[in-house]
Amino acid sequence: MDFEKLPPFSAADVRIIIHATEDKNKVLGSICGIFCIDADRFRHTELVGHWGNRISLLTGNLESAEANRLVKKILLSLSSVEKNQLLSSSHSFIDEKGNLYLRLDKQRICQKRISLSETDSVRFKFKPARGFKVNSNYDYLVGD
């Protein structure tokens, strides 16, 4: 994967759903530790699930330099199989505005590992810098 083709990102949003059976401090501590994000960057909202269960929603916003550092760390940490998955189905990870969405396995992050996941994940949304146009082939993820 050619990281030189990645657009500069202007910001990143991080979203974490923590269920009542999970230790919020442990999950947040693991995420902040592995990605070098200050815990004070996250806002906390209490929600009630469909069955009346308690859910905590943590949202954080990162500025340009932090977002660019974070996306590189994530992409460099993925296995070769996951990098190939990202390249072969880039349309699933990038929207029409060029936002890059990555979902990482929350449980593996707590084990200090980084991998893609669709279930029980931490969602990262990377917003491209103003003026960046994504083409229909999503070439910015494709290596030379």
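The values are calculated or read from the model by the stated rules, or taken from the named source; none is laboratory data. Model, not experiment: these values are computed from the prediction. Because the Cβ atoms are built from the backbone with ideal geometry, glycine has one as well, and the counts that use them run over all protein chains shown.
Here are some notes:
- Filter result for LYS72 (in a helix (DSSP H, G or I), touching a helix residue (DSSP H, G or I) at 6+ places or on another chain (Cβ under 7 Å) and surrounded by fewer than 18 Cβ atoms within 10 Å (Cβ to Cβ)): yes
- Condition check for ILE55: over 18 Å from PHE124 (Cβ atoms), aliphatic (A, V, I, L, M) and not in a loop (DSSP other than H, G, I, E, B): yes
Yes or no, residue by residue, for (1) surrounded by 13 or more Cβ atoms within 10 Å (Cβ to Cβ); (2) in contact with a Gly (Cβ under 8 Å, 6 or more places away or on another chain); (3) among the hydrophobic types (A, V, I, L, M, F, W, C):
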site: GLU22; (1), (2), (3): yes, no, no
site: ASN61; (1), (2), (3): yes, no, no
site: SER79; (1), (2), (3): no, no, no
site: LEU86; (1), (2), (3): yes, no, yes
site: GLU118; (1), (2), (3): no, no, no
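- Given (1) under 16 Å from PRO8 (Cα atoms); (2) modelled with pLDDT under 90; (3) in a helix (DSSP H, G or I), index of the condition LEU87 fails: (1)
- Among the residues listed as ARG130, ARG103, ARG113, ARG108, the single one being at pLDDT 95 or above and assigned to a loop (DSSP other than H, G, I, E, B): ARG113
- Residue list for region 32-79, restricted to those being under 18 Å from ILE109 (Cα atoms) and of a type in the set (Ser, Thr, Tyr): SER56, THR59, SER77, SER79
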